[in-house]
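Worksheet for the structure shown next.
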Amino acid sequence: MSSSGTVSWPPEAPVWRFYWEVVDGKSEAIAFRDVFYKGIKVLHRASLPMIRVQYDGGAGGPYKDPLSSGNMQRPVAIYEGSAPDHRFLVVESYHVIGRYRLLNRWIFRSDGIILPQLYSAGLQHPANHRHHTYWRFDWDIDGAANNLALQHALTSQDWGYGPGWIPRKNELSSIHIGDNRWAVINKGTGRGFLIDKGPFDGASDWFSRLDVAITAYHGPEDLGGALGNANDDELWRHVNGENTDGQDIVMWYVAHLYHEAHDGGDEWHVCGPILRQFGY
């Protein structure tokens, strides 16, 4: 069943404000819309529209596992907590697909860090496998216009955004290079977000050939989980070399969560990027 809500947190002095929804027929679990940090726009929309599962040695699959309202096992949970140096808000949904148990968790920290995370347990077939997990971030840093993606390389060369930061001015699909860092910046204000690879996010392979894709925003390309299939993520359909310099841009981030069969099905594994604000 569809559900939705508006969050302004913490209520006594809001740092994060956004709208969330789970929509019947859209296999992307929780979608977040109009995300603001300290009153300034961060994201137009963000979700987890695709998980593809690849087993070694033809043991089973491949699969495309949709996180949908149909396999949610309980209502969306929203709760808060604290650490020594920050508070945090959690928004999560719990899903069961075959023998997989999947927890789609988003953590919004008071210091401006967002942690989109997928937790996975369960073993569909007795073989090693990877959950290739695709997040879609429709960035609107300080609004939809004048955004630019940057990729970091281990070099002292400066293209105008600090040593090693390469402006990606056209659509592309890429593997990680250097220290695996990306950023999205508003060219006018200098505000933005760093996108760091999570510690368990793995590496692309022949089955899932990319780690990040940058595309120009087009409304009809937001397919709410309908893009791709078990054998092909089909992101190539959206990467056409269009200009992304000072545009409204979308980033796809892919983690490759490895599960060894001898761990059994009870151990939980987690993947997901680290999103850190700067200039806000």
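The values are calculated or read from the model by the stated rules, or taken from the named source; none is laboratory data. As the structure is a computational prediction, the values presented were derived from the model and not from experiment. Please note: Cβ atoms are built from the backbone with ideal geometry, for glycine as well, and neighbour counts cover all protein chains shown. What goes into the accessible areas is simple: the full protein's heavy atoms, side chains included, and nothing from ligands, DNA or RNA. Shrake-Rupley method; radii C 1.70, N 1.55, O 1.52, S 1.80 Å.
Restricting attention to segment 180-231, the residues that are under 15 Å from residue 256 (Cβ atoms) and polar (S, T, N, Q) add up to 3. Just one residue in the set 192, 188, 162 is under 26 Å from residue 142 (Cβ atoms), open to solvent by less than 40 Å² (accessible area, probe 1.4 Å) and more than 21 Å from the chain's Cα centre (by Cα); that residue is 162. Evaluation of residue 52 against the conditions (1) touching a residue at least 60 places away in the same chain (Cβ under 8 Å); (2) not acidic (Asp, Glu); (3) not in a strand (DSSP E or B) shows that the sole unmet condition is (3).
Screening residue 61 on (1) closer than 28 Å to residue 126 by Cβ; (2) under 15 Å from the mean Cα position of the chain (by Cα) shows it passes everything except condition (2).
State whether one or more residues within segment 21-31 are open to solvent by less than 30 Å² (accessible area, probe 1.4 Å) and of a type in the set (S, T, N, Q). Scanning segment 21-31 turns up at least one residue that is open to solvent by less than 30 Å² (accessible area, probe 1.4 Å) and of a type in the set (S, T, N, Q). Count of segment 45-61 residues, restricted to those that are under 17 Å from residue 225 (Cβ atoms) and open to solvent by 30 Å² or more (accessible area, probe 1.4 Å), is 0. How about segment 62-72: which of its residues are more than 12 Å from residue 96 (Cβ to Cβ) and loosely packed, with under 13 Cβ neighbours inside 10 Å? Hits for segment 62-72: nothing passes. Here is a check on your reading of the model: is residue 220 under 25 Å from residue 26 (Cα atoms) and free of Cβ contacts under 8 Å to residues at least 24 places away in the same chain? When the stated conditions are applied, residue 220 passes them.
Just a yes or no: is a residue in segment 148-155 closer than 30 Å to residue 38 by Cβ, in a loop (DSSP other than H, G, I, E, B) and touching a residue at least 12 places away in the same chain (Cβ under 8 Å)?
no
Being under 26 Å from residue 209 (Cβ atoms), surrounded by 18 or more Cβ atoms within 10 Å (Cβ to Cβ) and not acidic (Asp, Glu) is a property that residue 109 lacks. All conditions but one from (1) within 13 Å of residue 50 (Cβ to Cβ); (2) free of Cβ contacts under 8 Å to residues at least 40 places away in the same chain; (3) more than 19 Å from the chain's Cα centre (by Cα) apply to residue 206; the one that does not is (1).
Across segment 120-144, the qualifying residues are those that are at pLDDT 95 or above and farther than 24 Å from residue 226 by Cβ, and the one among them that is most open to solvent (accessible area, probe 1.4 Å) is 142. Going through segment 4-18 one residue at a time, which ones are within 22 Å of residue 81 (Cβ to Cβ), in a strand (DSSP E or B) and either open to solvent by 60 Å² or more (accessible area, probe 1.4 Å) or of a type in the set (Ser, Thr, Tyr) (or both)? If the condition is that a residue be within 22 Å of residue 81 (Cβ to Cβ), in a strand (DSSP E or B) and either open to solvent by 60 Å² or more (accessible area, probe 1.4 Å) or of a type in the set (Ser, Thr, Tyr) (or both), then 6, 8, 17 are the ones that fit. Scanning segment 23-49 for residues that are small (Gly, Ala, Ser) and in a strand (DSSP E or B) yields 31, 46, 47. Scanning segment 73-85 for residues being within 12 Å of residue 10 (Cα to Cα) and surrounded by 10 or more Cβ atoms within 10 Å (Cβ to Cβ) gives a total of 2.
Results for (1) more than 20 Å from residue 132 (Cβ to Cβ); (2) of a type in the set (Phe, Trp, Tyr); (3) open to solvent by less than 50 Å² (accessible area, probe 1.4 Å), shown as yes or no for each residue.
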| site | (1), (2), (3) |
| --- | --- |
| 209 | no, no, no |
| 219 | yes, no, yes |
| 257 | no, no, yes |
| 262 | yes, no, no |
| 265 | no, no, yes |
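All of (1) open to solvent by less than 20 Å² (accessible area, probe 1.4 Å); (2) polar (S, T, N, Q); (3) more than 30 Å from residue 97 (Cα to Cα) hold for residue 277 with one exception: (1).
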